[in-house]
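Here the structure is laid out as structure tokens; the discussion comes afterwards.
The values are calculated or read from the model by the stated rules, or taken from the named source; none is laboratory data. The structure displayed is predicted, hence computed values, not measured ones. All Cβ positions, even for glycine, are placed from backbone atoms using ideal geometry, and neighbour counts span all protein chains on display.
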Amino acid sequence: MAFFKEELKKVKAFVFDVDGVLSLPSVSVDGNGELIRTACVKDGYAIMYSGKKGYIIAIISGGGGPGVRERFEKIGIKEIFLREADKIKVLTKLMEKYSLQPDEVMYMGDDIPDYECMRYVGVPVCPADACTEIKSVAKYISPIEGGKGCARDVIEQTLKAQGMWMDIDCHVRSM
């Protein structure tokens, strides 16, 4: 774990999958066949706060739907990629755009479509309920399940490692 804490000091960007990471792995379906996702407000606060501190925040998801983009835009995420089948292609273009090295990127995924991205970045992490293959490539497995605060866990640890957590700005919510 000590080595993992050292790696957190290099992180400049957080990239998240949506379903099973930022929302519960099980979803409801509305009358139009659209998925209804449940998100954790603590994840939302940590994402909003880290964005305010200057971190690059991105979402790369194979899913999408009404409300997903709107939710993430409301908490300040500017790099939102939905309905993406080739996540590694999106990730590498994003890293090129911001001139990021792999060790400066934390990627949190939970299932097979995240595997290539997790192997590519320097800080691959996952929720407690990720599939076995993802756990095998993660440098850190959050004790928290997807959609229940696992993103908050890794963001908070990173900001603490960099001395950016609980400073004067943490009490001011801006939108």
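Could you say which residue among VAL172, VAL154 is out of contact with any Gly (no Cβ under 6 Å at 6 or more places or on another chain) and modelled with pLDDT of 95 or more? Spell out the reasoning first.
Details: VAL172 fails: modelled with pLDDT of 95 or more.
One residue alone meets the criteria, VAL154.
Search the stretch 111-123 for residues that are over 15 Å from GLU133 (Cα atoms) and pair each with any residue that is among the small types (Gly, Ala, Ser) and assigned to a loop (DSSP other than H, G, I, E, B) when their beta-carbon atoms are under 8 Å apart and the residues are at least 6 apart or on different chains.
none
Does the stretch 133-150 hold any residues that are of a type in the set (Gly, Ala, Ser) and modelled with pLDDT of 95 or more, and which are they? Even if it seems obvious, please write down each step before you answer.
First, the residues of the stretch 133-150 that are of a type in the set (Gly, Ala, Ser): 136, 138, 142, 146-147, 149.
Selection gives SER136, ALA138, SER142.
Suppose we filter the stretch 119-141 for residues that are within 12 Å of the chain's Cα centre (by Cα) and farther than 15 Å from GLU7 by Cα; how many remain?
Start the filter on the stretch 119-141 by keeping residues that are within 12 Å of the chain's Cα centre (by Cα), which leaves 123-127.
Then drop every residue that is not farther than 15 Å from GLU7 by Cα, which leaves 126-127.
Result for the stretch 119-141: 2.
Enumerate the pairs (first residue in the stretch 137-157 and over 23 Å from GLU116 (Cβ atoms); second residue anywhere and part of a loop (DSSP other than H, G, I, E, B) and β-branched (Val, Ile, Thr)) with beta-carbon separation below 9 Å, excluding pairs fewer than 6 apart on the same chain, so at least 6 apart or on different chains.
Here the result reads ARG152/ILE144; ASP153/ILE144, each pair linking the stretch 137-157 to a residue that is part of a loop (DSSP other than H, G, I, E, B) and β-branched (Val, Ile, Thr).
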